[in-house]
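Read the structure below first, then the notes.
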Amino acid sequence: MGRVLVTGAAGFIGSHTVEALIRKGAEVCGVDNLRTGHLSNLEEVGSSPQFRFEEADILDGGKLESIAKSFRPDAIVHLAALVSVQESMDDPDLNFRLNVEGSHRIGVLAKELSVRQIVFASSAATYGDTSDLPVVEETAKNSISPYGAAKYASEAIFQGYGRSYGFGACCFRYFNVYGPRQDPKSPYSGVISIFADRYRAGQSVTVFGDGGQTRDFIFVEDIADNNAATALKETPVTGSFNVCTGRPSTLLDIIRVFESHFPGAPRPVFQAARTGDIVHSYGTPAQIQMALGFEARFSIEEGLARLIGSLKE
Ligand code: UD1
């Protein structure tokens, strides 16, 4: 079975990806600098003989190289990043270092170690605000944040380096990912993480706008399974793919599901729409389905039920 290095392993998507890899029988080395990740996210896999954890920063080339050389991965899943769009607006230098220079370093590491495959966490933020729906991979890349720009630049870095040095580079443009362990702390955290936190605490949620806005919400286990399956494929794959369900939900749909799990919860409070907010966003997963056989397994009702179950545990 494969040996996979996962950067950002202690993060939201990273920790689920580690679990998916272990379920599939892989040997996993997880690295994380714990800037936004938490060791507690790795509690479930901590005792697995298939898993080791190393605290390291992707920009600390020497340390990362020595970890990777002793582990000898066949594939790298690169999820370490500055993950907040808002933080990238406030600190574009840090965004550049983590989300562009970091990609360059991981690309060079892949060359040095002759890995077979890189899996990279890109984002639907590469498209920016588009009224051309559903979003397909060819839709214009009009990023409206340093974050989206860096993700798109990194796709070019990974695919160009992959062709130069002979590894596969799969860049996954995640849509709105949700699920257990997503951090609800900032007002710019994913809406579902914020809603979950508030319903659990018996507090009312705030809806910006009329709640009719749509997003293509995808459950984190679908994201993780796809990362793991791609990292473990025998034949390298290169390309950029939407990772989405193709089924948009409105915020009112989401609230309805929460209310069915939390009867008697306070009613939502409506406020003016946020400036710059996108009204509708959803993608089509046709290309990833063709290339990798991916299909989201979790409907929004099932994903939210899992998330809410994890809150009540
Ligand atoms: C994503 C980014 C956001 C960025 C935007 C534009 C994340 C988590 N968010 O937002 O930082 O500015 O792309 O590229 O990566 N909402 C509420 N109540 C809340 C929180 C949010 O009604 O408490 C609304 C928002 O106004 C929005 C919708 O929920 O209409 C979804 O919000 P969010 O989860 O932040 O996703 P994006 O809008 O896609």
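How would you classify region 215-282 from its alpha-carbon gyration tensor, with a ≥ b ≥ c the square roots of the eigenvalues: rounded for a/c under 1.5, else prolate if a/b is greater than b/c, otherwise oblate? Note, shape of region 215-282 comes out oblate.
A Förster radius of 25 Å, combined with the Cβ-Cβ distance separating Asp60 from Tyr165, puts the computed FRET efficiency at roughly 0.70.
The distance between label points at Asp132 and Glu234 comes to 3.8 nm (points 7 Å beyond Cα on the Cα→Cβ vector).
Straight-line cross-link partners of Lys312 among the aspartates and glutamates, defined as a Cα under 16 Å from its Cα and at least 8 positions apart when in the same chain: Asp197, Glu259, Glu302. If you take all other residues with their beta carbon under 14 Å from the beta carbon of Ser114, and give Lys and Arg +1 and Asp and Glu -1, the sum is +2. How would region 65-136 be classified by its alpha-carbon gyration tensor: rounded, prolate or oblate, with rounded meaning a/c under 1.5 and the a/b versus b/c comparison settling the rest? Oblate is the answer for region 65-136, as a/c is 1.5 or above yet b/c matches or exceeds a/b.
Taking a straight line from the alpha carbon of Lys24, these lysines sit under 26 Å away, with near neighbours fewer than eight places off in the same chain left out: Lys69, Lys111, Lys233.
Seen from Pro285, the other residues with C-beta closer than 14 Å to its C-beta sum to a net charge of -2, counting Lys and Arg as +1 and Asp and Glu as -1.
Axis of helix 146-165 versus longest Cα principal axis of the chain: the two differ by about 30°, to the nearest ten degrees. Cross-link reach is defined here as a Cα-Cα straight distance under 19 Å, omitting same-chain residues fewer than 8 places apart; for Lys141 the lysines meeting it are Lys151. Each residue, Val108 and Leu34, gets one label point 7 Å from its Cα in the Cβ direction; the gap between the two is 2.7 nm. The modelled label-to-label distance for the pair Gln289/Ala272, using points 7 Å beyond Cα in the direction of Cβ, is 4.1 nm. Projecting the Cα positions of Val77, Gly25, Ala153 onto the charge dipole of region 1-160 (unit charges on Cβ atoms of Lys, Arg, Asp and Glu, taken about the Cα centre) puts Gly25 furthest along the positive direction. Zone of Ala305 (label point 7 Å along Cα→Cβ, backbone N under 17 Å): which residues in region 217-239? Within reach of a label on Ala305: 219-222. When both bridge partners sit in the chain, DSSP labels roughly 5% of those beta bridges antiparallel.
The slack between Glu101 and His280, meaning 0.36 nm per residue of separation minus the straight C-alpha distance, is 61.3 nm. For the chain, the longest principal axis of the C-alpha atoms and the axis of helix 12-23 are separated by about 60°. Summarising the amide proton neighbourhood of His280: residues at separation of 5 or more, or on other chains, whose placed amide H is nearer than 5 Å comprise Thr214. Across all Cα atoms of the chain, the radius of gyration (one decimal) and Dmax (whole number) stand at 18.8, 59 Å. I want the local charge near Phe96. Using Cβ-Cβ distances under 14 Å, sum +1 for each Lys or Arg and -1 for each Asp or Glu among the other residues. That sum, taken over residues with Cβ under 14 Å, equals -2.
Values quoted throughout were computed directly from the atomic coordinates according to the rules given, and no laboratory measurement underlies them. Just so it is clear, the model here is predicted, and its values are computed rather than measured. Methodologically, a virtual Cβ is constructed for each residue, glycine included, from the backbone with ideal geometry; neighbour enumeration extends over all protein chains shown.
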